[in-house]
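First the structure, in the form of structure tokens, and then the observations on it.
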Amino acid sequence: MNTASDRSRSHVVGILFGRQHLHGCHASTTMLGAVRYEYASVAVQSDDLGRSLAELFDALGIHGDPVPVAAAIPTSECYFATRPINSGGGNASPRTLLRESLRSSTAKLDQLAIDVLNWQAHRRQLVSIVAAPLDRIESIRETIGNTQHSLQRLEPAANALISAAVENERKERRDRLVTRVFLGDTSLLAVMTKGTRAIHWQSMPLPQGDEGTGIVSIVRSVEAAYAACGLDTPPDSVSIYGRRELQSLIDRQWLSDNLPDDFRWLDAPSMKPDHIARACADGFLADEEDEFDFMREYREPLKLHRVVPYKEIALYLVAACALALVLLDRMNRTQSNHVALAASAPSMVTDGSNPRPERDRLNARATAISTFMDKRVRWSPMLGQITSILPDGTRLTGIRGTATMSQKRKRAVKTAPTTLILHAECVLDDAGQLPASVSKLTETVGQLETVAEHFQRVELSDLRRTLSAETGIAGAEFSIILTTSSKAKG
């Protein structure tokens with residue numbers, strides 16, 4: 001019998017094993033990631049389950065390679081209960097827990113297949129127990145085992161429907177306490193759930209013509225069991241699935257008055273057999289293994305490649321190598337920049353001699369430059385003011401200036417004063433004399449704020465007459481000399 005755990009999840013066959021019919025859904029994943037579904041149903045002939053199963057595979061077009069099978073049996077064939085347990089009680093055997101749940105010492109537990117889930121709700125430890133006739137489970141297991149296909153999961157139909165219903169909800173609603181009502185043509189199933197975990201379920205015939213009363217009655221009956229199941233509060237929400245055509249036949253206002261205000265009515269999944277078969281296939285493709293499964297005790301141990309995520313590890317290694325190469329390249333560039341900076345840096349004293357003289361020399365140069373920058377003459381504003389006060393007919397023809405940068409020296413050295421020489425020319429007046437405004441120009445220049453800040457003397461020098469060779473107009477050339485007081489710098 002093939003119940004191996006090393007299975008492909010690219011396609012799967014979901015099967016509902018009814019007493020009278022087998023309902024199948026072949027789900028396969030396409031190259032683009034979409035899932036394609038094919039449905040088929042066959043009758044069970046003369047209790048020959050093997051022949052009926054072969055017909056179902058043929059109807060689904062499965063002829064070649066073996067495929068995994070995710071199966072379900074009708075909820076009516078299963079016993080289910082949830083109850084609180086004391087600390088350490090979860091370590092009891094499944095048969096002990098079932099006997100305590102049944103409260104019977106005469107139950108023939110060796111004729112039942114049992115699966116148990118330990119979990120927590122409202123900070124209380126709970127145990128959920130499901131059981132089904134062992135001969136029924138063995139019959140399904142052996143029938144599939146006689147084929148080339150492998151039975152990977154066998155669960156109650158209610159469990160498959162719950163997983164499908166939760167998968168279709170938004171994330172913020174998935175962990176709420178909800179009463180879910182699944183409608184069929186002639187019956188309905190109500191399940192109190194927290195997330196994907198069933199807490200209590202109950203089924204009953206669906207009253208024809210009075211379906212609303214049936215829905216409200218089963219909701220109240222299921223929710224009344226919340227305390228016995230170990231919950232502190234009943235569910236605060238109701239979701240109804242399937243038979244949407246009933247909405248127009250049921251008094252909506254009456255239904256709202258008897259159910260929570262935010263109850264919802266959705267199309268799927270419902271109690272239809274093809275919905276259950278599809279839910280089995282979707283649950284397998286989603287890799288939902290932490291649910292009820294009668295095959296749990298038969299399954300072979302997981303193989304290493306199912307436990308270790310080799311693909312993810314390979315991707316991480318590739319990413320780590322790429323990152324290491326980038327970091328290595330950055331380190332090489334940083335080292336190259338360091339070498340270049342070291343090569344271009346001024347030579348330092350490395351022969352063991354005293355570096356203090358070199359330091360003093362560099363400090364003296366830095367101080368001199370700083371002093372020069374602090375006391376420098378700003379020529380542009382000064383020349384702008386001088387140009388603006390020149391008399392009409394007078395213009396500058398040349399500018400020459402000198403300035404010294406003082407340094408600390410052992411002996412005082414006499415230096416030339418800072419000097420600005422402005423060469424200019426003007427036109428003589430009608431009497432052939434130098435205009436009076438030019439004669440007073442030195443006094444006017446000396447009174448300028450920018451000049452007085454830096455120069456103590458302003459003199460008129462090098463005055464001489466000229467005659468323009470082009471125009472024959474008589475003029476004069478002269479120089480205005482601005483100087484500071486001359487001192488020896490120590």
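Summary table below
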quantity	calculated
The chain: angle of helix 211-223 to the longest principal axis, Cα-based, in degrees nearest 10	80
Contour excess over end-to-end distance, with Cα ends at HIS122 and ASN332 and 0.36 nm allotted per residue	69.8 nm
Degrees, to the nearest 10: 134-145 long Cα axis against longest axis of the chain	60
Sorted peptide list for 387-396, 465-474, criterion being average Cβ within 10 angstrom, highest first	387-396, 465-474
Extension reserve of the SER344-SER28 stretch, reckoned as 0.36 nm per residue once the Cα distance is removed	107.0 nm
Efficiency of FRET from Cβ geometry, ALA368 and ARG176, R₀ 60 Å, rounded to 0.05	0.15
Coil-residue trypsin sites (Lys or Arg not before Pro) of the range 151-236, DSSP, other Cβ within 10 Å capped at 10	ARG170
Under-30-angstrom lysine pairs by C-alpha in the chain, whenever the two are 8 or more apart or on separate chains	18
Calculated FRET value between ALA319 and THR402, using beta carbons and R₀ = 56 Å, to 0.05	0.25
Cα-projected label distance for GLU211 with GLN148, points at 7 Å along beta-carbon direction, nm	4.4
Inter-site label distance for LEU266 and ASP58 at 7 Å from Cα along Cβ, in nm	3.8
Computed [θ] at 222 nm, deg cm²/dmol, the chain (DSSP H ≥ 4; -39,500 (n - 2.57); rounded to nearest 500)	-10000 deg cm²/dmol
Computed lengthening from ALA452 to GLU470, 0.36 nm per intervening residue step minus Cα-Cα distance	2.6 nm
Structure-derived Cα Rg over 2.2 N^0.38 Å: which label, when the choices are [x] 2.18; [y] 1.10; [z] 1.01	[x]
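No lab work stands behind these numbers, since they all come straight from the coordinates. Quick caveat, the model's predicted, so the values are computed rather than measured. Positions of Cβ are generated from backbone atoms using ideal geometry, with glycine treated the same way; all protein chains shown enter the neighbour counts.
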